[in-house]
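The values are calculated or read from the model by the stated rules, or taken from the named source; none is laboratory data. These figures come from a predicted structure and were not determined experimentally. Cβ: placed from backbone, ideal geometry, glycine included. Neighbour counts: every protein chain shown.
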Amino acid sequence: MEASASTEKSAPKKANILRRMYDWTISWADTPYGLWALAALSFMESSFFPIPPDVLLIPLVFGAPKKWWKIALACTVASVCGAVLGWYIGHAAWDALKGFFFDYIPGFTPERFDSVKEIYAQWGIIAVLGSALTPIPYKIFTIASGALDYSLISLVLASFAGRGARFFLVALIIYFVGPKAKEWIDKYFNLLAAAFFVLLVGGFLLVKLCI
């Protein structure tokens with residue numbers, strides 16, 4: 001009973017912290033430093049920060065639609081740089097830092113990390129591409145890639161492809177659709193990204209079978 005009560009207390013506390021982080025992230029959209037904040041957020045999210053960069057990317061493109069590609073590019077480059085940091089965390093400091101990640105980073109659990117290792121063993125670069133494009137927690141894959149001594153170059157290439165596709169697509173939808181795009185993105189974008197990834201993997205497997 002005591003353990004159950006403790007879990008119930010910690011869950012609302014974590015949810016409250018995430019909400020404050022979310023609100024703090026959104027607040028940067030109304031400042032002159034919004035693009036720099038987006039780059040910092042995108043960099044951190046690839047290795048440890050729990051709030052996805054889309055949260056700030058969307059209002060920034062709303063505010064400056066003609067700069068949609070610059071905003072998406074900054075978000076992509078910063079995210080890939082953060083992926084490199086995640087790789088080095090996993091490669092050089094995972095034993096020392098894993099307790100911190102499991103205890104304080106939402107969604108980063110030992111069970112999920114073990115499952116990611118199994119996915120890596122089977123899919124390799126396709127797994128990285130999927131985590132970069134879809135709602136799968138990207139940071140777990142960047143750190144796992146370093147812990148498993150996965151190729152850093154492959155991680156960078158897959159990250160550019162997946163993160164670029166995600167952020168440019170979000171920005172492009174907002175540019176063409178306008179304010180109504182936010183509701184559509186909230187409802188359908190993750191499903192669209194997942195469907196695109198399934199088609200991508202299907203094509204990859206088809207090519208592999210035919211060769």
- prompt: Among (1) surrounded by fewer than 23 Cβ atoms within 10 Å (Cβ to Cβ); (2) within 17 Å of the chain's Cα centre (by Cα); (3) closer than 27 Å to residue 24 by Cα; (4) touching a residue at least 12 places away in the same chain (Cβ under 8 Å), which single condition is residue 72 missing?
  reply: (1)
query: Restricting attention to region 92-106, which residues are free of Cβ contacts under 8 Å to residues at least 60 places away in the same chain and either hydrophobic (A, V, I, L, M, F, W, C) or surrounded by 11 or more Cβ atoms within 10 Å (Cβ to Cβ) (or both)?
result: 92, 93, 94, 96, 97, 98, 100, 101, 102, 104, 105
- prompt: residue 172 fails exactly one of the following numbered conditions: (1) of a type in the set (A, V, I, L, M); (2) part of a helix (DSSP H, G or I); (3) closer than 17 Å to residue 49 by Cα. What is the number of that condition?
  reply: (3)
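Out of 42, 79, 47, I need the residue that is in a loop (DSSP other than H, G, I, E, B) and of a type in the set (S, T, N, Q). Which one? Break it down into steps so the answer makes sense when it comes.
On the way: 42 fails: in a loop (DSSP other than H, G, I, E, B); 79 fails: in a loop (DSSP other than H, G, I, E, B).
When all the criteria are applied, what remains is 47.
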- prompt: Within region 182-197, can one find any residue that is touching a Leu at 6+ places or on another chain (Cβ under 8 Å), among the small types (Gly, Ala, Ser) and either modelled with pLDDT of 80 or more or under 21 Å from residue 67 (Cβ atoms) (or both)?
  reply: no
message: Taking the conditions exactly as written (in a loop (DSSP other than H, G, I, E, B) and either surrounded by 16 or more Cβ atoms within 10 Å (Cβ to Cβ) or more than 14 Å from the chain's Cα centre (by Cα) (or both)), does residue 89 satisfy them or not?
response: no
- prompt: Say we look at region 106-136 and pick out the residues that are modelled with pLDDT of 80 or more and outside any helix (DSSP H, G or I); which of these is nearest to the chain's Cα centre (by Cα)?
  reply: 108
query: Listed residues 74, 78; which is under 27 Å from residue 149 (Cα atoms) and of a type outside the set (Asp, Glu)?
result: 78
